[in-house]
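> Here it is, the structure in full.
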Amino acid sequence: MSSVVEINNLHKAYGKTRALVGVSLDIDFGIFGLLGPNGAGKTTLLKVLLGLLKPDLGDVKLFGYDYSSQSLAIRNRIGYLGEDQRFYEYMKGDKYLEYIGLLKGLGKEEVQSQTEHLLKEVSLSKSRDKKIKEYSQGMKRRLGLAQALMGNPNIIMLDEPTSNLDPLGRQDFLNIIKEIGKNKTTIILSSNVLGEVELVCDTLALLNQGKVAYKGKWSDLKQSFPGKNLQDIFVEIISGENDE
Ligand SMILES: Nc1ncnc2c1ncn2[C@@H]1O[C@H](COP(=O)(O)OP(=O)(O)OP(=O)(O)O)[C@@H](O)[C@H]1O
Ligand SMILES: [Mg+2]
């Protein structure tokens, strides 16, 4: 059976900067970690998967569909939380989610029931009446996660959703993701913190300078570097690649 996401030999450059250089990956159900240092190409890859950027070469298939012929079928099944997600700050949390639901084409009743459910899922029920400008960073990220989940997408892409959160905020966020990952959903979680990806992901890809430096299971990665901590493994893989 084919994978939920199939990425085949992607190349993408911005002028002379090569952001993706022959990336091939298969992603299945569950939580998938997309790791890499700053500038590795994570956001570029997610944007290609979202159909926001066209690759120079190579292709992607989501649920067996590709953007050239079935972009609507794909877009209706994807949720996204971007690395610089902006909100309408004057809106209240619940109204914002309702607005997103309507934008996604859901009916009024469906929007209301999903809003109730999602506010609970991301622990914002008590703050639903506050304006978003009064939310903390952690609350905004959780609201961002809720909008990504609106419409029950089959794939959720989260671009560094825990950056700038304090340890407790990170933990809360990752716990929610872990719960969501138990459903038949595919979550692609990008991060540059190996330790937090380990907490929630079984499989991962490590990008470095636009190339896949490692792909596979956590357990296999750790076995290949016996006795090493995650930070050292991360640095060793990245610096090894950069020596080439
Ligand atoms: N719009 C753009 N125009 C020009 N260069 C870009 C653009 N977007 C990204 N790049 C470059 O492409 C490369 C990959 O960037 P990308 O944002 O995909 O990396 P990233 O892994 O998401 O990094 P970060 O962890 O900092 O978010 C970098 O060298 C970056 O400077
Ligand atoms: Mg990025």
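> Place a +1 charge on the Cβ of each Lys and Arg in region 85-153 and a -1 charge on the Cβ of each Asp and Glu, then give the dipole magnitude about the Cα centre in debye, rounded to the nearest 20.
320
> Oh, and also: So what's the back-of-envelope 222 nm ellipticity for the chain, counting only DSSP H runs of four-plus at -39500 (n - 2.57) apiece and dividing by all residues, rounded to 500?
-12000 deg cm²/dmol
> Exactly which trypsin sites (Lys or Arg not before Pro) in region 144-189 are in a DSSP loop and have at most 15 other Cβ atoms within 10 Å?
Lys182, Lys184
> Turning to a different aspect of this structure: Put a dot 7 Å past each Cα toward the Cβ at Asn175 and Gln112; how far apart are the dots in nm?
Label-label distance for Gln112 and Asn175, simple model: 3.1 nm.
> On a straight-distance basis, which lysines could pair with Lys184 in a cross-link, Cα separation under 20 angstrom, same-chain partners fewer than 8 positions away excluded?
Reachable lysines: Lys61, Lys120, Lys217.
> Shifting gears a bit: Give me the base-10 log of I(q)/I(0) for the chain at each q in 0.08, 0.13, 0.17 Å⁻¹, Debye formula, one uniform scatterer per Cα, rounded to two decimals.
-0.31, -0.82, -1.31
> While we're on this one: Determine Rg/Rh for region 85-153; Rg is computed over alpha-carbon atoms and Rh is the Kirkwood hydrodynamic estimate from the same atoms.
With Rg and the Kirkwood Rh in hand, the quotient comes to 0.92.
> Whose amide H sits under 5 Å from the amide H of Gly22, counting only residues 5 or more places off or on another chain, with H placed in the peptide plane?
Result for Gly22 returns Leu10, His11, Lys12.
> Return the sequence-ordered ³J(HN,Hα) values of region 36-42 in whole Hz as given by the Karplus equation 6.51 cos²θ - 1.76 cosθ + 1.60 applied to θ = phi - 60°, using x for Gly and Pro.
Computed from phi, the couplings for region 36-42 are x, x, 4, x, 5, x, 4 Hz.
> Which aspartates and glutamates, if any, have their Cα less than 18 Å from the Cα of Lys126, not counting same-chain residues under 8 positions apart?
Answer for Lys126, where 18 Å is the Cα cut-off: Glu89, Asp94, Glu98, Glu116, Glu134, Asp172, listed by chain and number.
> So, one more: Using only Cα atoms, locate the centre of region 192-244 and the centre of region 73-98, then give the distance between them in Å, rounded to an integer.
Taking the Cα centre of region 73-98 as reference, the centre of region 192-244 is 31 Å away.
> Students often check this: by mean Cβ neighbours within 10 Å, which of 85-91, 201-207, 123-129 ranks highest, and how do the rest follow?
In descending order of packing, they fall as 201-207, 123-129, 85-91.
> Then there is this: Quickly work out the Ser69-to-Val235 label distance, labels modelled 7 Å from Cα along the C-beta direction, and quote it in nm with one decimal.
Going from the Val235 label point to the Ser69 one covers 5.0 nm.
> While we're on this one: Once fully extended, how much extra length lies between Lys130 and Asp202, figured as 0.36 nm per residue of separation less the alpha-carbon to alpha-carbon distance?
Extra length from Lys130 to Asp202 when fully extended: 22.3 nm.
> In addition: Counting only other residues whose beta carbon sits under 15 Å from that of Asp220, what net charge do I get with K and R as +1, D and E as -1? Working shown, then result.
Numbers: positive: Lys215, Lys217, Lys222, Lys228; negative: Glu198, Asp202.
So the surrounding residues net to +2.
> Right, next: Give me Asp26, Asp56 ranked fewest to most by other Cβ atoms within 10 Å of their Cβ, as a rough exposure proxy.
Ordered by Cβ neighbours within 10 Å, fewest first: Asp56, Asp26.
> Within a Cβ distance under 14 Å of Lys182, other residues only, what is the Lys/Arg minus Asp/Glu net charge?
-1
> Any idea which of Gly39, Leu206, Leu118 is furthest toward the positive side of the dipole for the chain, if Lys and Arg beta-carbons carry +1 and Asp and Glu beta-carbons -1?
Positive-end residue among those listed: Leu118.
> While we're here: Residues with amide H under 5 Å of Ile156's amide H, sequence separation 5 or more or different chain, H placed in the peptide plane at 1.01 Å from N; which?
Gly79, Thr186, Ile187, Ile188
Every number here is computed from the coordinates shown, using simple stated rules; none is lab data. Source: prediction; values computed, not measured. Don't worry about glycine lacking a Cβ; one is built from the backbone with ideal geometry, like all the others, and counts go over all protein chains shown.
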